[in-house]
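First comes the structure, then the notes that go with it.
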Amino acid sequence: MDGSESYPDYCREYGKTCGKAQAEANQALVEELETAFLPEGKKVEYLFAEADGVFIRGLKKKQSMEVHHAILYEGWETNGKRVSLRQPKVVMTTEPIQKFWDEVQATAASTYSLEKARIITNSVGDPGYTAERFQTAFSQSAFPVLNQLDAYHVAQAVVRTFGGGKSEIKEQIRKAIKAHDFSQFTLYLDTYESTQSDKKSLKKVKEFRSYVQKNWDRIFDWRDQVESAPDDARGLGAMESNQRHISFRMKKRGMHWSKEGGEAMVKIKQGILNRTLREAYLKHRTRSARKQRGLKQAIRLSQLLKQPVRPSVGVKRGVVFGSSSSSMGHLRKIFGFSFQPG
């Protein structure tokens, strides 16, 4: 199956079955990890991981559900001016956050040997996507997991606070953040705050200050944190573009999803992107056919057991009368023995 396939024909009629098949395959990986029954994985020097959530509409008014989304990749491929991720793998689910991270850990552990890999991660720092979550998911690595705050969201926070136009104070704030100079950051932010008077602007400054202070230790470029970054190393921030796989398919005007339908769709998307959907679907069909055969055998056996059984009374012996020209006489000749009186 080509990974670029938009929606397989075999899933058009049995969409929920396809999604269930992929979900079962993911759960099998989690169970293998719990029993420590994992094959030797691929060895990599660096493994990159990013995670975030996307909200889709539920069936009820003002109801929504979060699609937890992670992407793992080995680096970058360059083709002219086009840059793509090397060997990307995604995990998507609407299930609770712990189950999502279990799947992330199982996917990584079943694909790679992580003991000597440097794990570089990126997230927005929301409660479900903290540095601690990444550390646990990639705990097989002997190195501490680096988790940086997503640079795109930092830039968005700057624009929300200081507006979209050019200004000297905004540039100074950006430079202080990039240089990781907290004293300069505080100085320029205090200066700007002193010039504001309306409550809305002061609230924005307060929220921005809190956001940056809370995540200050995670505001860095990972390339400055390692001894020798790869020659093709780039800054992180692949989630924003990759979440379009969910947005384009599940957030169009008028779309609403049930819990079951939403989970089936994200699992289908995951299977398409990872090129695992066809194999998962065929295995599911094989299991289903085997279960059906087993059920039919059980039904036949049950019916058989319900039939009345006549008790055996042993072999009866008796006298068979009749001349050799009679019917019984002919029968005696066919069997080649004589019937003797008991």
Hey, among the residues in the stretch 43-69 that are outside any strand (DSSP E or B) and at pLDDT below 95, which one's farthest from residue 111 (Cα to Cα)? 61
Could you tell me which of the residues 53, 125, 80 is within 17 Å of the chain's Cα centre (by Cα) and not aromatic (Phe, Trp, Tyr)? 53
Being assigned to a helix (DSSP H, G or I) and at pLDDT 90 or above is the filter here; which residues of the stretch 273-296 pass it? 273, 274
Within the stretch 108-130, which residues are hydrophobic (A, V, I, L, M, F, W, C), farther than 30 Å from residue 211 by Cα and in a loop (DSSP other than H, G, I, E, B)? 114, 117
Against the condition touching a Gly at 6+ places or on another chain (Cβ under 6 Å) and not in a loop (DSSP other than H, G, I, E, B), how does residue 152 come out, does it pass? yes
Determine the pairs where a residue that is farther than 20 Å from residue 177 by Cα, located within the stretch 189-202, has a partner that is assigned to a helix (DSSP H, G or I) with Cβ atoms under 6 Å apart, the partner being 6 or more residues away or on another chain. 196/202
Return the residues of the stretch 232-263 that are charged (D, E, K, R) and either closer than 17 Å to residue 73 by Cβ or assigned to a helix (DSSP H, G or I) (or both); say none if nothing qualifies. 232, 234, 240, 244, 249, 259, 260, 263
Note down all Cβ pairs under 6 Å where the first residue falls in the stretch 103-132 and is closer than 19 Å to residue 75 by Cβ, the second is among the hydrophobic types (A, V, I, L, M, F, W, C) and assigned to a helix (DSSP H, G or I), and they're at least six residues apart or on different chains. 104/137; 120/222; 121/134
Among 43, 81, which is out of contact with any helix residue (DSSP H, G or I) (no Cβ under 6 Å at 6 or more places or on another chain), without any contact (Cβ under 8 Å) to a residue 40 or more places away in the chain and of a type outside the set (A, V, I, L, M)? 81
Residue count, the stretch 79-88 (criterion: surrounded by fewer than 11 Cβ atoms within 10 Å (Cβ to Cβ) and either in a strand (DSSP E or B) or touching a Phe, Trp or Tyr at 6+ places or on another chain (Cβ under 7 Å) (or both)): 2
Flag for residue 188 being aromatic (Phe, Trp, Tyr), over 28 Å from the mean Cα position of the chain (by Cα), closer than 30 Å to residue 93 by Cβ and not assigned by TED's automatic domain parsing to the domain that holds residue 96: no
On the given criteria, is residue 231 exposed (fewer than 12 other Cβ atoms within 10 Å of the Cβ), over 26 Å from the mean Cα position of the chain (by Cα), outside the structural domain of residue 65 (by TED's automatic domain parsing) and over 29 Å from residue 117 (Cα atoms)? no
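The values are calculated or read from the model by the stated rules, or taken from the named source; none is laboratory data. Every value quoted in this text rests on a predicted model; they were computed, and no experiment measured them. All Cβ positions, glycine included, derive from the backbone under ideal geometry; neighbour counts span all protein chains shown.
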